[in-house]
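Note sheet for the following structure.
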Amino acid sequence: MSRDSGPTTQVSFGVLGTVELQVAGRPATLAPAVRALLARLVLAAGRVVSADALTDALWGDQPPADATNALQLRVSKLRRALVTAGAGGDLLVTRAPGYQLVVGADAVDAYRFERLLERARTATTGDGPAPALACFDEALRLWRGPALADVGEAAWALAEAARLEELRLGAVEDRLELLLEAGRQAEAVADLERLVAAHPLRERLHRLLMLALYRGGRQADAITAYHALRHRLADELGIDPAPELQALAEAILRQQVPSPASTAAAAPASETTEAPAPVARPADRPATTLTRPAAARIPAPRTQRSDLPRRLSSVIGRHEDVHRVLDRLLEARVVTLTGPGGVGKTTLALEAVRRVDDTLADRVHLVRLAALPSGTDLPEAVAGQLGVAARGPGPAATAALVAWLGADRTLLMVDNCEHVIDEAAELIEELVAACPALTVLTTSREALAVPGETQLAVAPLGVPEGPADVARLGDSPAVALFVDRARAVRPGFVLDEATAPVVADICRQLDGMPLAIELAAARVKALPPAEIAARLQDRFALLTAGARTSEARHRTLRATLDWSHDLLSEAERLLLRRLAVFRGGWDLAAAEQVCAFDRLAADEVLDLLFRLVDRSLVVPDPTTGRFRLLVTIREYAAARLAEAGETEAARDRHLTHFTELAERYGPHARSDADAWARLTEEHDNFRAAVDRCLERTDGVAAGLRLADALFLFWNYGPRYEGIRALTALLAAGETAPAARAAALQRIGQLGVYYPTAQTRAAGRESVVEFERLGDRVNTAMSRLIVAWEGQYDGDADRYRAMVAQACREMGDTDDPWWHGTICYVEGLLDLRTGAFERSAEQWTRSLEWTRKAGDRLLPAGILAHLGIALREAGRHDEAVSTLEEAAAEARMNPSPHALAFTLVQLAHTLLDRGEVEGVPAMLAEAAETARRSGNPRCQAWAAWGRARIAYADGDAVTAADECRRAVELLEDREFPWARLRLWSLAAEAAAAAGRGQEADAARRAAAGLEGAGR
């Protein structure tokens, strides 16, 4: 109970799952930073925990420099969280030598669980096992998942979680023992089979399973279970089963097993005190925080059909797909689920079939075709699986199936038709025509193409795009599947701030393919997620941990794709492997140009490409006319390409095609929307073409030719990509002096907004090189680039002199772009020195010249800088209007740098006017846009904006953290007056957060910028 004044508020805490706080029955939101601290205090159940113990619990052997202060801040955050939740701040008190959470044991689910176990184990048996069973059930209902699931892997948390998990498993065993004692073995068998699979060396579970099977009339299965354990113990530990188990096996063979009561009495006490073995979360119950609720219209599963396999693992992320399948089954006689190998067609089909109700079918049957070799008489094989007396192959078997199906309302699921597609289509068409109440659900990598068939393409699971918080990443079906399967092999696995981005990256690399994700998650038992992500470069060697009970083609990723590849014709295999040279997709013209050589003509590509689409190996986008390979399939195809010895030839053709495309569209990047769009969609292919140039011994000249065509695209888009490519090309070999000078100039220009030592040096070197070559025009351009870099620091008067010198070297010119750029650089220098009115005039003139030049992309950036000048001149209303115009311009003529810069400047201008509504969303969009385009400057401005909002809300800790992030991203690459304001806010926020050293450092940095601007 909390001790707030006023009415008493019921407060409870949970650690049997994620860390939970409930106030008056309502769960409260807890920040990740306070969960471990709360859990450590909760587990003390009202006792004082020393500051040293808490520091060790939070940071282990790597405490922060000022651990006392850091702990106080963490306690302060937890106290605020308690107040926000309505629990009362005085629930957490300071008591020497540390802190105490003033709660009774009844308020903590772990202690309630232990007391219920005591009650269950001491319950009188006068009324039979019912009272004890009720206590066990009540205790086990308290569990919401693995204990301390979101606390991390500190030693204390792992030890306590293991202790609690062992208590839970012991409770489960005790409960199952009681069920057997009561003669209710039928209820216990399924749970025991699952638990034995999860704990294959735990002998008590095996003993209970053997008893349950034997008493259920399954003597042979009981002996099989014993032998499975005996072999496993011998193989893994080199020991035999315990004498009690050996005696039980012998008694089962002789059918001399004692009665339930005597068996329970004979159970050795030692079996309840085995070494801790943390229990996995039940495989058929997904983690509640990571899955979406099933669609309301999906019926609950019916009673298990005899020929449907029991679901042993959870189905995640397919609730909406199940709903779609059920809808189609109500509308069509034949529904085919198509998709590439490993996408989850069988899993989805089985889950849908389990949920079929009486409105569709009275009988449900499953036929599996995967194991059938080519040439098998399909009707006879299907009849055999269904237990139908065929009386002969072919037509005789078909007739027997028709007679067996009759007029009953039947749903027949036929799994894996692709390798016998023609025979399957023929048989299903005949059955549907002859049996009016028959509905067929099939899975195949291509459609059957029978009359009345409806196709449903099964897509990979949704993967998270870009960075997000843990909660949002956890909502991703792909991430949820990874976490669920990881916990099956490592129960303490937690999705937190450290693991979530890595798991999201793994899921993205694997395209959301369920089989690949499950194979990757299985590796969590031995490897940390970061290691798994790194090793996905060789995914076919890594992902080989499929379940022993799965079909052979699903035990490794390579085997799954081999199955699909072997079903292709030779021409289809040839095209598939050559398509691996594309990155990010291609259109038909590119496929014809790049892949049509040596045994493949250009006029064959279209038909073969569509066949690969039909076989679910190529993904089409009908809205754009483009195609792509999933990453895993592309890497498989690339390996096949290398085996065929065609890699170099195909990549050279790829380079030629995309160089020609870049030269066609590149010069028009800033003036033609279609050219910009074309270049943008081929960005990944351009990167691959540059990489090919770097691999060839004679590739420098070809690479510089490609870079020349792409320069304008890089300048308005992925500048970092241009810097990387040009730097690598210059380092790869000798270059003609003029070409080298041009490359250096472009490196300098691409780096003017976030210059590095490398880009500064390149710009200055290009001035020297062009002077040596006597090229006055390019000398003037390089000199202007060097002055452009002066927007942040250095001698402003010297840079103005350089602009004047560049104008003299250029001489008379009517080039509007040159004149617009001169005004642009002058406007930057005026912004830097605080001449804001004059800067606004320069930006206005620059805008006029640039629009006259026909440049579609630069005006948005010019308007954004004009908005800054107006804001700093005190003309806030004009600034907002101008920045809103800039944002509209940036969206109409997409330029990622201009959009990000405009949004952050508009956000700060609104904050200057005291307006916060809509600003957080604006900052978030700007930060994500800047992240994707590799623009640290705009990411810094976004962090600064978040800091301003947090500080105004009284959250000094968040404000200080965001300021530190902004400073790190900016370094020295910003106007001095802006850096001064940022450092000043950083000093205030750090001081308010109690970070004295950080505040002093920020004040010193601000003092160094005094006088540099407003």
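Based on C-alpha pairs under 8 angstrom that are at least 6 apart in sequence, segment 687-747 has a relative contact order of 34 percent. Counted over the chain with a bin width of 10 Å, the fraction of Cα pairs per bin, in whole percents, is 2, 9, 14, 18, 18, 16, 12, 7, 3, 1, 0, 0. The aspartates and glutamates whose alpha-carbon is closer than 16 Å to the alpha-carbon of Lys525, local same-chain residues fewer than 8 away aside, are Glu153, Asp484. Once C-alpha pairs closer than 8 Å and six or more residues apart are averaged by separation and normalised to the residue number of the chain, the relative contact order reads 5 percent. Among the GluC sites (Glu not before Pro) within segment 779-864, not one is in coil by DSSP while having at most 10 neighbouring Cβ atoms inside 10 Å. Between Asp652 and Ala526, the C-beta separation translates, for a Förster distance of 56 Å, into a calculated FRET efficiency of about 0.85. If R0 equals 60 Å, the separation of the Cβ atoms of Gln385 and Asp1000 corresponds to a calculated FRET efficiency of about 0.15. Estimated from helical segments only, the mean residue ellipticity of the chain at 222 nm is -19000 deg cm²/dmol, where each DSSP H run of four or more residues counts as -39500 (n - 2.57). The mean sequence distance of close C-alpha pairs (under 8 Å, at least 6 residues apart), as a share of the length of segment 1-182, puts its relative contact order at 28 percent.
Expressed as a fraction of 2.2 N^0.38 Å, the rule-of-thumb size for a compact globular protein of N residues, what is the C-alpha radius of gyration of segment 711-825?
Cα Rg divided by the expected 2.2 N^0.38 Å: 1.02.
Relative to the longest principal axis of the Cα atoms of the chain, the long axis of helix 796-810 lies at roughly 70 degrees. Overall, the anisotropy analysis places segment 111-188 in the prolate class: the square-rooted eigenvalues a ≥ b ≥ c of its C-alpha gyration tensor yield a/c not less than 1.5, with a/b exceeding b/c.
Rounded to the nearest 5, what is the percent of antiparallel bridges among the DSSP beta bridges in the chain? Each step should come with its number before you reach the end.
On the way: 18 of 40 bridges.
Once the DSSP bridges in the chain are tallied, antiparallel ones form about 45 percent.
Extending each Cα 7 Å along its Cβ direction at Phe610 and Arg26, get the distance between those two points in nm, one decimal. My value for the distance between the label points is 6.0 nm. The fewest-to-most ranking of Ser476, Ser50 by surrounding Cβ atoms within 10 Å reads Ser50, Ser476.
Between 0 and 90 degrees, the angle of helix 319-331 with respect to the longest Cα principal axis of the chain falls at about 70 degrees.
For the peptides 189-196, 714-721, what is the packing order when you average, over each peptide's residues, the other Cβ atoms within 10 Å and list the highest mean first? Don't skip to the end; give the middle numbers.
Values: 189-196: 19.6, 714-721: 21.5.
In decreasing order of mean packing, 189-196, 714-721 become 714-721, 189-196.
Measuring r between the beta carbons of Leu773 and Thr844 and using R0 = 60 Å, the FRET efficiency lands at 0.95.
So, with +1 on the Cβ of K and R and -1 on the Cβ of D and E, and no other charges, what is the size of the charge dipole of the chain about its Cα centre, to the nearest 20 debye?
Charge dipole of the chain: 1580 debye, to the nearest 20.
Checking every one of the trypsin sites (Lys or Arg not before Pro) in segment 597-645 against DSSP loop status and a limit of 14 other Cβ atoms within 10 Å picks out Arg599. In this structure the amide hydrogen of Thr336, modeled in the peptide plane, comes within under 5 Å of the amide hydrogens of Thr442, Thr454, Gln455, Leu456, none closer than 5 places in sequence on its chain. What is segment 319-457 by shape, rounded, prolate or oblate, if you read a ≥ b ≥ c off the alpha carbon gyration tensor as root eigenvalues and call it rounded for a/c under 1.5, prolate for a/b larger than b/c, and oblate otherwise? Here segment 319-457 falls in the oblate category.
Which angle between 0 and 90 degrees, to the nearest 10, do you get for helix 936-952 versus the longest principal axis of the chain when only C-alpha atoms count? Between helix and principal axis, roughly 70 degrees.
Quick check on packing: order 900-911, 328-339 by the mean number of other C-beta atoms within 10 Å, highest mean leading.
Output ranking for 900-911, 328-339: 900-911, 328-339.
A short reminder: the numbers here are calculations on the coordinates, not readings from a lab. It should be emphasised that the depicted structure is a prediction, and the values quoted were computed from it without experimental measurement. Here the Cβ is made from the backbone with ideal geometry for all residues, glycine too, and neighbour counts use every protein chain on show.
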